[in-house]
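Worksheet: one structure, shown below.
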């Protein structure tokens, strides 16, 4: 199943929060508590963003994490690749090209070109959405996303 990992999800939440509060610092614990997330995982994600120059960690009583990168230049695609590795929808899809050596049926596969087109569209969507876009969407007054739980979350059937 194609799904954003928890690490990427936490990074998106943290960076969007920081983008909504420029110049302010927040602890990993405070961010995790505000969004009911795992504190250790939030801390690990934020630590991973520091060497990439996305956030800065400041120690002390007024310390915490603050956004230092331009939120308009930090894309969802960049975060996915930073935290999880290269985007790759299928074995035959490499870094922007079909890789005939990656899959034994690539030479005769009837769907390879379609899969590659889907891969490119997904990549374009992920690289086309920035943290600034997410912050803009999050700051619209009166709008909220509905909470939808799958029936499998309750052990039921659809």
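The values are calculated or read from the model by the stated rules, or taken from the named source; none is laboratory data. Treat the numbers as computed from the prediction; the structure is a model and nothing was measured. We place every Cβ from the backbone using ideal geometry, glycine too, and count neighbours over all the protein chains shown.
The figures follow:
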quantity	calculated
When residues of region 27-51 are limited to those that are surrounded by fewer than 16 Cβ atoms within 10 Å (Cβ to Cβ), touching a helix residue (DSSP H, G or I) at 6+ places or on another chain (Cβ under 6 Å) and more than 15 Å from residue 12 (Cβ to Cβ), the one modelled with the highest pLDDT	39
Hey, residue 142 assigned to a loop (DSSP other than H, G, I, E, B), surrounded by 10 or more Cβ atoms within 10 Å (Cβ to Cβ), modelled with pLDDT under 80 and on the phi > 0 side of the Ramachandran plot or not	no
Top-ranked residue in region 61-73 [being under 10 Å from residue 25 (Cβ atoms) and in a loop (DSSP other than H, G, I, E, B); ranked as modelled with the lowest pLDDT]	62
Failed item, numbered, when residue 89 is tested on (1) touching a helix residue (DSSP H, G or I) at 6+ places or on another chain (Cβ under 6 Å); (2) buried (at least 17 other Cβ atoms within 10 Å of the Cβ); (3) farther than 18 Å from residue 134 by Cα	(2)
Breaking point among (1) under 18 Å from residue 138 (Cα atoms); (2) in contact (Cβ under 8 Å) with a residue 60 or more places away in the chain, for residue 36	(2)
Answer from 87, 46, 82 - the residue that is under 15 Å from residue 16 (Cβ atoms) and touching a residue at least 24 places away in the same chain (Cβ under 8 Å)	46
Index of the failed condition, residue 2 passing every other in (1) out of contact with any strand residue (DSSP E or B) (no Cβ under 7 Å at 6 or more places or on another chain); (2) in a loop (DSSP other than H, G, I, E, B); (3) free of Cβ contacts under 8 Å to residues at least 60 places away in the same chain	(3)
Selected residue (only one of 114, 57 is exposed (fewer than 12 other Cβ atoms within 10 Å of the Cβ), outside any loop (DSSP other than H, G, I, E, B) and either in contact with a strand residue (DSSP E or B) (Cβ under 8 Å, 6 or more places away or on another chain) or at pLDDT 85 or above (or both))	114
Selection within region 74-98 - modelled with pLDDT of 95 or more and touching a strand residue (DSSP E or B) at 6+ places or on another chain (Cβ under 7 Å)	74, 75
Residue 24 being surrounded by fewer than 21 Cβ atoms within 10 Å (Cβ to Cβ), more than 20 Å from residue 126 (Cα to Cα) and in contact (Cβ under 8 Å) with a residue 40 or more places away in the chain	yes
Number of the condition not met by residue 72 [criteria: (1) under 19 Å from residue 16 (Cα atoms); (2) out of contact with any helix residue (DSSP H, G or I) (no Cβ under 8 Å at 6 or more places or on another chain)]	(2)
Matching residues, region 9-23, being in contact with a helix residue (DSSP H, G or I) (Cβ under 9 Å, 6 or more places away or on another chain) and part of a loop (DSSP other than H, G, I, E, B)	none
